[in-house]
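Everything below concerns the one structure shown next.
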Amino acid sequence: MSVDRELDGPALLAQLRGWAEAEGFSQIGVADVDLGSAEAGLTDWLNNGFHGAMDYMAAHGMKRARPAELVPGTVRVITARMDYLPRDTPAGWQAIEWQRLERPGEAAVSIYARGRDYHKVLRNRLQRLADRLAGAVGPFGHRVFTDSAPVLEVELAAKSGIGWRGKHTLALHRDGGSMFFLGEIYVDLPLPITAPVEPHCGSCTACIDVCPTQAIVAPGRLDARRCISYLTIEQDGPIPLELRAAMGNRIYGCDDCQLACPWNKYAQRSALPDFDVREPFEGVTLLQLWRWNEAEFLRRTEGSAIRRIGHARWRRNLAVAMGNALRAGVDDGIRTALREAHDGGSALLREHIDWALAQVPG
């Protein structure tokens, strides 16, 4: 893709910001395609095996850090931030989430996954943004990404001023915390670059200290193999025995590092209804979710990011959480439900059920 045209860059960027706001985005930035400074860190992370079973992280080599190789002709990357706290999120929401984790019989689902699948929301709105841009400048080469390709999203976000990379590896913004999604449009338009911002984590290590599995092995360095989000979503197969107790009642994702981050007192509510909490992903018990057969799981998770893990992984996660509830002295029919499901389950599920039943005190 190649474009040779005169652009009024500043005016076009101002228009882009207006169009983005109309689509529900909170912020727009523009980065160049030089991510050379990130290549050594990416190589080291992969060489350490910190990507776990996410083979796709290594499959594209350095294309992840070289936008112009991933999409030939790319000269700029438009980066976009979309806040995802539900519109009716109350003040003191972090305390409410911490309290949820202290109720062993209640299921804890990561906040971002309680509404509509963000991949669909962002992709559609980014494409409309690209269409508006084409309407203003004529056809141009571009590709839209939302956690959907070998893209160094946080690096691009930091380079374009969307925020800085926090010690938990997520993008952080002084006025928006980290409770937001990122999306990108690779373009062959020489748009004006927006400046990066200074990091403001200082000496704070709250995210590192709070991680239940010590997955943040150094500031800005995550061992995904220990991360509860990875274990409950990406990991296929058994959950490592030594990490099961630390998972508590977290059955899909984990927000602990974000709940502990002081900057998230500034996290913004979404402008969109898409991220409103869907029933029944808040205030639901483990036992209620355990009773779903595969057909009900598929029906209940239609349009949700949760659906991608499938019913088998969902049950595996629930079995671990139910074992942790039993260890905490919460039963309410959990033991009976686990025993009833044992013989008809897969070998993987039976092993997790056996572990769960062995957690009963005494």
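Computed from the coordinates by the stated procedures, all read-outs in this text should not be read as laboratory data. Since this is a predicted model, take the numbers as computed values, not measurements. As a convention, Cβ positions derive from the backbone with ideal geometry for all residues, glycine included, and neighbour counts pool all protein chains shown.
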Chain lengthening between Glu282 and Ala218 when straightened (0.36 nm per residue, less Cα-Cα): 19.8 nm
Using alpha-carbon coordinates, inclination of helix 9-22 to the longest axis of the chain, degrees: 30
Long-range amide H partners of His142 with built H, under 5 Å: none
Sites Ala312 and Glu102 - FRET efficiency at Förster radius 41 Å, r taken between beta-carbons, to 0.05: 0.90
Rounded FRET efficiency, nearest 0.05, which uses the C-beta distance separating Asp131 from Arg291 and R0 of 41 Å: 0.40
Cα gyration tensor shape of the stretch 68-212, rounded if a/c is under 1.5, else prolate or oblate by comparing a/b with b/c: prolate
Charge-dipole axis of the chain as Lys and Arg at +1 and Asp and Glu at -1 on Cβ define it, positive-most pick from Gly183, Val330, Ser148: Val330
Free-standing Cys residues across the chain, given no other cysteine C-beta under 4.7 angstrom: Cys201, Cys204, Cys211, Cys227, Cys254, Cys261
Contour minus Cα-Cα distance for Asp34 and Ala91 (0.36 nm per residue): 16.5 nm
Lys, Arg +1 and Asp, Glu -1 on Cβ, resulting dipole of the stretch 54-172 about Cα centre, debye, nearest 20: 360
Neighbour-count order for Thr336, Thr146, fewest beta carbons within 10 angstrom listed first: Thr336, Thr146
Cβ charges +1 (Lys, Arg) and -1 (Asp, Glu), total dipole of the chain, debye: 380
In nm, spacing of pseudo-spin labels at Glu242 and Asp147 (7 Å Cα→C-beta vector): 2.8
Gaussian network model of the chain, springs between alpha carbon atoms under 10 Å - residue of Ala20, Ala108, Ala95 with greatest fluctuation: Ala95
Cross-link reach list, aspartates and glutamates versus Lys159, counting only Cα pairs under 16 Å and skipping chain neighbours closer than eight places: Asp32, Asp34, Glu39, Glu184, Glu198
Nonlocal amide H pairs with Val30, under 5 Å, H built at 1.01 Å: Thr79, Thr194
Anchor Lys265: lysines whose Cα lies under 20 Å away (excluding residues fewer than 8 positions away in-chain): Lys167
Label corresponding to Rg/Rh (Cα atoms, Kirkwood Rh) when calculated from the structure given, among (1) 0.97; (2) 0.99; (3) 1.06: (2)
Among Ala38, Thr79, Pro212 - extreme Cα towards positive end, dipole of the chain, charges at beta-carbon: Pro212
Range in the chain, longest, excluding exposed GluC sites (Glu not before Pro) [loop by DSSP; at most 14 other beta-carbon atoms within 10 Å]: 103-301
R0 of 51 Å, Cβ-Cβ distance Gln15-Asp332: FRET efficiency to nearest 0.05: 0.35
Sorted by Cβ density within 10 Å, fewest first, the residues Asp175, Asp88, Asp188: Asp88, Asp175, Asp188
For the stretch 293-305, 3J(HN,Hα) per residue [Karplus equation, 6.51 cos²θ - 1.76 cosθ + 1.60, θ = phi - 60°, Hz, x = Gly/Pro]: 7, 5, 4, 6, 4, 5, 5, 6, 9, 4, x, 10, 5
Over the chain: helical MRE at 222 nm, DSSP H runs n ≥ 4 each giving -39500 (n - 2.57), nearest 500: -10500 deg cm²/dmol
Dipole magnitude of the stretch 117-237 about its Cα centre (Cβ charges: Lys, Arg +1; Asp, Glu -1), debye to nearest 20: 140
